Amino acid sequence: MRARAAFGVTAATLAVAAGCVSLKRTPEARFFVLRSLAQPAATPAQATQGFVGVMTVRIPGHLDRPQLVTWTGTGELRIDEFLRWGEPLEAGFTRTLAENLQALLPDHLVARAPWRGSAAPRCRVATELSVFGLQPNGEVPLEGRWALLPQHAELPLARGTSNFHRGPFSGLHPDAEVEAMSELIADLSRDIARAALALPPVDVSAGGAAR
């Protein structure tokens, strides 16, 4: 009798516990990467105009994290644990910028830092972001500055500021947000490529020095 009573209590306890367990599936993390969008030349040219070195982009501290970061209000961020970058944002941004520049500057050799110490870049591309990502008004901006630096000195050969926007979007999804961010890097790449093409041409007979 006692055994049956104990069994009944145990079964009831298990039933209650089972009812408290949520059967809702835990969301799975999604991973995103930026991609290059600049169209390469139909016929690849030889790298006759020198080497362009792309330095690692500098990003604000609040973007230096594995999750996608969006602004939800003045001074307020949203960090979604289930929306993540497939690579560090600064690495993905630098990679995408370098890939775009290689497509836009087919007669140059473009490489990311660090490059070989024996390499002599015609210019070094330095970029710094201040704003990047979805804002409360539905826009996705890229704001910052860039400079083309000589091989060893820090006095820019050319410089500029960036203020590009996509949107505003309504009910933007993360995949569309990331695509807009890739488009903004393409906008920035075109500005930098135009400045690089405006530099003095390389005198190949003088060992790659600019005239």
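Residues in segment 111-140 that are open to solvent by 20 Å² or more (accessible area, probe 1.4 Å) and of a type in the set (Val, Ile, Thr): Val131 only. Restricting segment 149-169 to residues that are surrounded by 15 or more Cβ atoms within 10 Å (Cβ to Cβ) and more than 22 Å from Thr56 (Cβ to Cβ), which is modelled with the lowest pLDDT? My answer is Phe169. Every condition in (1) modelled with pLDDT of 95 or more; (2) within 30 Å of Thr48 (Cα to Cα) holds for Arg84 except the one numbered (2). What are the residues in segment 66-76 that are of a type outside the set (S, T, N, Q) and surrounded by 14 or more Cβ atoms within 10 Å (Cβ to Cβ), if any? Of everything in segment 66-76, those that are of a type outside the set (S, T, N, Q) and surrounded by 14 or more Cβ atoms within 10 Å (Cβ to Cβ) turn out to be Pro66, Leu68, Val69, Trp71.
Is it the case that segment 196-211 has a residue that's of a type in the set (Lys, Arg), open to solvent by 10 Å² or more (accessible area, probe 1.4 Å) and either modelled with pLDDT of 95 or more or assigned to a helix (DSSP H, G or I) (or both)? Even if it seems obvious, please write down each step before you answer.
Looking only at segment 196-211, we keep the residues that are of a type in the set (Lys, Arg), and these are 211.
From the residues that got through so far, the ones that are open to solvent by 10 Å² or more (accessible area, probe 1.4 Å) too are 211.
Still in the running and either modelled with pLDDT of 95 or more or assigned to a helix (DSSP H, G or I) (or both): none.
Scanning segment 196-211 turns up no residue that is of a type in the set (Lys, Arg), open to solvent by 10 Å² or more (accessible area, probe 1.4 Å) and either modelled with pLDDT of 95 or more or assigned to a helix (DSSP H, G or I) (or both).
Is one or more of the residues making up segment 170-192 open to solvent by 80 Å² or more (accessible area, probe 1.4 Å), touching a Gly at 6+ places or on another chain (Cβ under 8 Å) and modelled with pLDDT under 95? Looking through segment 170-192, at least one residue is open to solvent by 80 Å² or more (accessible area, probe 1.4 Å), touching a Gly at 6+ places or on another chain (Cβ under 8 Å) and modelled with pLDDT under 95. There is at least one residue in segment 166-181 that is in contact with a Ser or Thr (Cβ under 8 Å, 6 or more places away or on another chain) and not polar (S, T, N, Q).
Let's see how each residue does on (1) touching a residue at least 60 places away in the same chain (Cβ under 8 Å); (2) of a type in the set (Gly, Ala, Ser); (3) out of contact with any His (no Cβ under 7 Å at 6 or more places or on another chain); (4) over 30 Å from Thr72 (Cβ atoms):
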{"position": "Ala120", "(1), (2), (3), (4)": "yes, yes, yes, yes"}
{"position": "Thr127", "(1), (2), (3), (4)": "yes, no, yes, no"}
{"position": "Ser130", "(1), (2), (3), (4)": "yes, yes, yes, no"}
{"position": "Gly138", "(1), (2), (3), (4)": "no, yes, yes, no"}
{"position": "Gly144", "(1), (2), (3), (4)": "no, yes, yes, no"}
{"position": "Leu148", "(1), (2), (3), (4)": "no, no, yes, yes"}
{"position": "Ala158", "(1), (2), (3), (4)": "no, yes, yes, yes"}
{"position": "Thr161", "(1), (2), (3), (4)": "no, no, yes, no"}
{"position": "His165", "(1), (2), (3), (4)": "no, no, yes, no"}
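For segment 86-101, does any single residue satisfy the condition of being in contact (Cβ under 8 Å) with a residue 40 or more places away in the chain and over 26 Å from Pro66 (Cα atoms)? No: segment 86-101 contains no residue that is in contact (Cβ under 8 Å) with a residue 40 or more places away in the chain and over 26 Å from Pro66 (Cα atoms).
The values are calculated or read from the model by the stated rules, or taken from the named source; none is laboratory data. What you are looking at is a predicted structure, and each value in this text was computed from that prediction instead of being measured. Here the Cβ is made from the backbone with ideal geometry for all residues, glycine too, and neighbour counts use every protein chain on show. For the accessible areas, the whole protein counts, side chains as well, though only heavy atoms, and no ligand, DNA or RNA atoms are used. Shrake-Rupley method; radii C 1.70, N 1.55, O 1.52, S 1.80 Å.
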